[in-house]
1. Among (1) touching a residue at least 12 places away in the same chain (Cβ under 8 Å); (2) surrounded by 13 or more Cβ atoms within 10 Å (Cβ to Cβ); (3) not β-branched (Val, Ile, Thr), there is one condition Asp122 misses while meeting the rest; what is its number?
2. Against the definition (within 17 Å of the chain's Cα centre (by Cα) and either outside any loop (DSSP other than H, G, I, E, B) or among the hydroxyl-bearing types (Ser, Thr, Tyr) (or both)), how does Gly82 come out, yes or no?
3. If a residue has to be out of contact with any Phe, Trp or Tyr (no Cβ under 9 Å at 6 or more places or on another chain), surrounded by 14 or more Cβ atoms within 10 Å (Cβ to Cβ) and at negative phi to count, how many in the range 57-87 make the cut?
4. Give me the residue from the range 88-105 that is open to solvent by less than 60 Å² (accessible area, probe 1.4 Å), touching a Cys at 6+ places or on another chain (Cβ under 7 Å) and in a loop (DSSP other than H, G, I, E, B) and, out of that set, nearest to Pro137 (Cα to Cα).
5. Among the residues of the range 1-20, are any open to solvent by less than 90 Å² (accessible area, probe 1.4 Å), outside any loop (DSSP other than H, G, I, E, B) and in contact with a Cys (Cβ under 9 Å, 6 or more places away or on another chain)?
Amino acid sequence: MGAVETVDDNADVLVDATSCTSDLCVAGVPSNPPVSVNTACSEGSGVQCDGNGACVECIAASDCAGVDDECKTRTCTAGVCGVSFTAVNTAVSSQTVKDCKKNVCDGAGAVVPANDDTDLPDDNNACTGDTCVSGTPTFANLGSGTVCGATQVCDGGG
C-alpha cells in the first residue's frame with residue numbers, strides 16, 4: 001500500500017560483546033540476559049561467568065589455584081582470587097615435642113620454627129636439669145647430694 005511498516009526482526013539482536021550474556025531479541029525486544037553460573041568466558045582475566053553477566057576468576061575460593069593449609073586459606077572476594085594468611089606466631093598442629101621449639105605461622109603463609117622454652121627436653125638423666133635456653137636444649141648438672149632415686153644421690157658431675 002506504499003506505507004512504511006515496522007515489523008519485529010528477532011534476528012536483529014543487540015550484541016553486547018560479553019560472553020557472559022546471551023544476545024537475544026524476542027517479539028522485537030532486544031535483551032542480554034546473563035548466562036548460567038560457571039559458564040566459560042573469554043574476556044579479561046576471568047575464566048567463568050558469575051550468573052549475573054560478569055566474567056570472573058572465581059565463584060568460590062575452591063575455584064582458585066593453590067591449596068589451603070593451617071597458615072593460608074584461598075579466598076574469593078567479588079570474583080577475584082586471593083589468600084588470607086593466619087596471624088604470625090599461631091602454632092600449627094605438627095610439632096616435635098621436647099625440642100625447645102614450636103612450629104608457627106610466619107604471617108605470610110609459611111610454617112617456621114620458633115623458640116619455645118616451655119617445650120622442655122629430656123635426656124633421661126635424673127642428675128641433670130632439663131631446660132631450654134633461647135630455644136636450645138640445656139642439661140645442667142644437678143648439685144652433689146641431690147636425690148635422684150629411692151636410695152641414690154647425684155655426684156654433681158651429671
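The values are calculated or read from the model by the stated rules, or taken from the named source; none is laboratory data. Quantities reported herein were computed from a predicted structural model and do not represent experimental measurements. No Cβ is skipped: glycine too gets one built from the backbone with ideal geometry, and neighbour counts run over all protein chains shown. Note: areas computed on protein heavy atoms with side chains; ligands, DNA, RNA excluded. Shrake-Rupley method; radii C 1.70, N 1.55, O 1.52, S 1.80 Å.
1. It fails just one condition, (2).
2. Judged against the criteria, Gly82 is a match.
3. Summing the residues that are out of contact with any Phe, Trp or Tyr (no Cβ under 9 Å at 6 or more places or on another chain), surrounded by 14 or more Cβ atoms within 10 Å (Cβ to Cβ) and at negative phi in the range 57-87 gives 16.
4. Cys100
5. no
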